[in-house]
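Following: one structure in structure tokens, then a few remarks.
Please treat every number below as a calculation from the coordinates, not as lab data. Predicted model, so just to flag it, every value in this text is computed and none were measured. Please note: Cβ atoms are built from the backbone with ideal geometry, for glycine as well, and neighbour counts cover all protein chains shown.
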Amino acid sequence: MPASGATPRRVSHLRYVLTENPVTLVAVVMYCVLVLMAGFGPMIAPYDPLATAPERALQPPSAAHWFGTDALGRDILSRCIVAARLDLGLAVSAVALSFAIGAPLGAAAGFFGGWADRVVSRLADTIMAFPLFVLAMGIVAAMGNTLANIVIATAIINLPFYIRVARAEANVRRSAGFVESARLAGNSEWGVLVRHVFPNLLPPMAVQVSLNMGWAILNAAGLSFIGLGVRPPTPEWGILVAEGAQYILSGEWWVALLPGAVLMTAVFSFNLLGDALRDLLDPRRRT
Amino acid sequence: MSAVATHAPAAADDAAPAPGRALLEMTDVSLEFRTRSGTVRALQHVSLSVRRGEIVGLVGESGSGKSVLCYALLGLSDRAARITSGRIDYDGIDLRAASERELQDLRGREIGMVFQNPRAALNPIRTIGRQLEDVLRRHGAVRRADLRERAIEALREVAIADPQRRHRAYPFELSGGMCQRVMIALALCGAPRLLIADEPTTGLDVTTQAAVLALVRERVRASRVATLLITHDLALAADFCDRIVVMHAGHVVETAPTGALFGAPRHPYTQALIASTPAGRDALEELRPIAGGLPDLRREDLPACRFLERCPRALPACRDALAHVAPGAAHAVACNNPLGAP
Amino acid sequence: MSGEPSPDVGVAAEAAARGPGAALPREVLLEAIGLSRRFAIGSGRRAPQLHAVDDVSLRLHRGESVGLVGESGCGKSTLARLLARLIDPTEGAIVFEGRDVGAIRARDFAVSGQRARIQLVFQDATDSLDPRQTAFEAIAEPAVRMRLPGDVAARVRRVADEVGLPSELLGRYPHQLSGGQRARVGIARALCPEPALLVLDEPTAALDVSVQAVVLQLLARLRRERGLTYLFVSHDLNVVRLLCDRVLVMYLGRLVEEGPARAVFDAPAHPYTAALLSAIPGGGRAPEVLPGEVRSPIDPDPSACRFHGRCPAGEAACGRTLPQLEATRAGLPGRRVACLKPRV
């Protein structure tokens, strides 16, 4: 039923998106590197990230150890690579959870208005009042210092963000012509929301999701920096920075800065990816 | 043959005064857009002139190039546009060679513009009085102390009731018709000698449209302003304009005085356009849709006459050569096989 | 496709009014009685009310094409949506095929079996199509949602064929179609559930004149072939004149004139209709320019004519009485006008 040219068109659209803006290509490449690191970290890491070797402690970057070694002689590059899996995992889980709850809530609030809107908006306002670290510490104190709880805390903090974006987009579209068309075609109000309004929210939200991923990675790193969630010796970018912080003043800059740079690069690539995702998902941009 | 009744605009008011010399002269202008999917040859060998005191209607469907032409005239084309040939002269000044500064001086003072969608063209966060004063200050050679009075006077001249109070109004407080009157006031308050109106009444109600156009005509006749009215509404052009220029796919296909154009159209496209207009018809069956669609202007293999593929009078020669409408022509057709040919 | 016959006492009376030799009375498909729709501006019980549609009564007979004309703000779009049951009336009744459909809330009507009977074609086909749906999916949706009998794909192909939409375009997205093609998709989609009444809200306003001609002829043909009833809402009187048997003129939410299209166009009874007709370009008439601005539809004076103040024929009495739709002075058949000093 769909035109037979659908698949090649998708491929050519993908190619167009990648080549139109060189920044997009860079972002996609970096993102692929990250995913590779997350997927195959232990296999591609040159050294065992947990293996200590006190005799090689605090060596600067060299041919043998590209990122140098830390206080216990562990190869920092290997630790950075292996940490990708955990960081990305935390971020993706938090964002996915947040999106799964926040986007439908926001869309319903924006589409139906009235008391649904009021309740959801007040909920979002309440959550926004809490700083992340305070909430995370509260949850950890109440429910234990586990990875799952860190994910939950980050997801909760992110909720208002998705609620707001979804609500605004749904609000704009509720008076669109195709919404009336959907009603004429026999959709119930929920049918209109689920089948027409929500799918059209996805392109603008794709950008937000990607930006949010970057922020979620930073949050995960920040929480472990202060000792919540992930604990040493598990490699995780935040912990690596925390471990290296004490050595900055004494001149061993690579212990903190290089993991920090990796963290920054990861966040950066997600931010750049947001636009590319939106272009990919928006059928109107296909020519 | 024409069902559109050209009730002579002269009947409604003074007869069109004898036109003076050409104030605006476009000669053999070609313009193209470079896009990632190809080069769009938006205008080709377009010649057009407007004389003092004359109202010329530029008529065409969407995609005919009439808006592109209008923006090219004013030097407001998109950055991807390039004029590849031709001259655009205003009162002897070569507009293509003019600097941006010189063009800015001309726009507003010598050349007034009225755009479609008046609400979008007005600054929403400034009162209309202030916007008028901005133009007056820049182009009107009015003393600071007199600005407000002049602005209120300008509003009165476009038949806006209670101009003292409206002077302080924001565009969102005004109806579409009133916004368009404000646009006309803005265009005319610099006392321009050339007025360019791009679809000024599209989106306005028919009664408002009649009032706005009556106003424009009255002001334009009084000051002998050369007027170029761009519209897709053939019937409107018939009522309002002294002379009509018909465009199709970037070409000027015919230009003639209004009565002659509707009484005896020479280009097959003009005839087809008239035949597909509902105005003045008695039965739906009389409407003749035009076969086919606009050709893709990115094609390398476009025939010399772009109407070829839809034309019932096409000749083999039409693919290779076409004599374009000459600059300064008052009555001409760009066709190898025009109607009424001997 | 036809519903059970509906009682129409009114039609017999009207036939009598039309006089001997008039056409046989036709079955009334839809009747609106005292229909009003008001919108509150702001909140609170005493908030000012915008009278979008005010006390409108009309009848649509099966098989006829009725034009609804008026300028922006007159309420014709609101009336169209009321009759298509997309919004609910504040007051009044809508009787369709003998059933009181006005009493059912719009959101319940959408999922009722009757949704298929009344459909609407939109002005802006681009806006009315979901950008994420192909043409096929858009046309098929009513059949799927309403669980219409038969093979969905076959039904879609049939109706696409009827509206002249080539089947290779069915897989395309709206932004890959031309304006005329999108208009056809909108029409196909409305016809898919085989409605009895088709409300068309300025369906050709956004189209080029040559494409418009094609769509208008298509609409005329479809009506003939399928025996549809049209309510054609438009501000373009030229088009209404060609396509409609009867015309209703609205001003500020009220019906001000009603009658056979030709008769009204040749000899308008209401001064507003006359001004409207004279303003059409190419009509050969010098426009009667109406002074002043339209009165506000918010909390209008209930005992003054809405056109008073702009009306070239207005007098003091017009400011004290709200005229009702009634027969013209000359008692012309089928014609009604709401004016103290009608021209006819």
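Quick notes on this structure:
- Distant-in-sequence amide H partners of B:GLY57 (H built 1.01 Å from N, under 5 Å): B:LEU229, B:ASP242, B:ARG243, B:ILE244, B:VAL245
- Per-residue ellipticity at 222 nm from helix content only, as computed over chain A with -39500 (n - 2.57) for each DSSP H run of at least four residues, stands at -24500 deg cm²/dmol.
- log₁₀ of I(q)/I(0) at q = 0.09, 0.13, 0.14, 0.16 Å⁻¹ - chain A, Debye sum with one point per alpha carbon: -0.54, -0.97, -1.06, -1.23
- Degrees separating the helix B:147-157 axis from the principal Cα axis of chain B, which is the longest one: 50 degrees
- Helix-only mean residue ellipticity at 222 nm for chain B, each DSSP H run of n ≥ 4 adding -39500 (n - 2.57), per residue, nearest 500: -8500 deg cm²/dmol
- Karplus-derived 3J(HN,Hα) values for region B:25-40, using 6.51 cos²θ - 1.76 cosθ + 1.60 with θ = phi - 60°, are 9, 9, 10, 6, 8, 10, 9, 9, 10, 9, 10, 6, 9, x, 9, 8 Hz; glycine and proline are entered as x.
- For region B:59-94 versus region C:307-335, the gap between their alpha-carbon centres in whole angstrom: 51 Å
- Gaussian network model of chain A, Cα within-10 Å springs - most flexible of A:GLY214, A:GLY68, A:GLY102: A:GLY68
- Amide H partners (placed H, <5 Å) of C:ARG26, local residues excluded: none
- Using just its DSSP H runs of length 4 or more, each adding -39500 (n - 2.57), chain C gives a mean residue ellipticity at 222 nm of -8000 deg cm²/dmol after division by all residues.
- Put simply, the amide H of C:GLN123, placed in the peptide plane, has neighbours under 5 Å in C:ASP201, leaving out anything fewer than 5 places away on its chain.
- Averaging Cα coordinates gives a centre for region A:26-51 and one for region C:152-187; these two points are 49 Å apart.
- Loop sites in region C:242-344: GluC sites (Glu not before Pro), DSSP, at most 14 other Cβ within 10 Å: C:GLU315
- One quarter of the surface of the convex hull around the alpha-carbon atoms of the protein assembly as shown equals 50.0 nm², the direction-averaged projected area.
- The Cβ shell under 14 Å around B:ALA260 holds other residues with a net charge of 0, Lys and Arg each +1, Asp and Glu each -1.
- Taking Lys and Arg as +1 and Asp and Glu as -1, the other residues whose beta-carbon sits under 15 Å from that of A:ALA57 total -2.
- A Förster radius of 25 Å, combined with the Cβ-Cβ distance separating A:ASP48 from A:ILE101, puts the computed FRET efficiency at roughly 0.05.
- A Cβ-based charge dipole, computed about the Cα centre of region B:163-253 with Lys and Arg at +1 and Asp and Glu at -1, lands at about 520 debye.
- Relative to the longest principal axis of the Cα atoms of chain C, the long axis of helix C:209-226 makes an angle of roughly 80 degrees.
- Counting only other chain Cβ atoms within 10 Å of each residue's Cβ, the peptide B:228-235 averages 2.
- Under the Karplus curve 6.51 cos²θ - 1.76 cosθ + 1.60, θ = phi - 60°, whole-Hz ³J(HN,Hα) for region B:273-278, x wherever Gly or Pro sits: 5, 4, 5, 9, 8, x
- Net charge over other residues, Cβ less than 14 angstrom from the Cβ of B:GLY340 (K, R count +1; D, E count -1): +1
- Vicinal HN-Hα couplings computed from phi for region B:239-256 (Karplus, 6.51 cos²θ - 1.76 cosθ + 1.60; Hz; Gly/Pro x): 6, 10, 9, 7, 9, 10, 10, 9, 10, 9, 6, x, 10, 7, 9, 7, 9, 6
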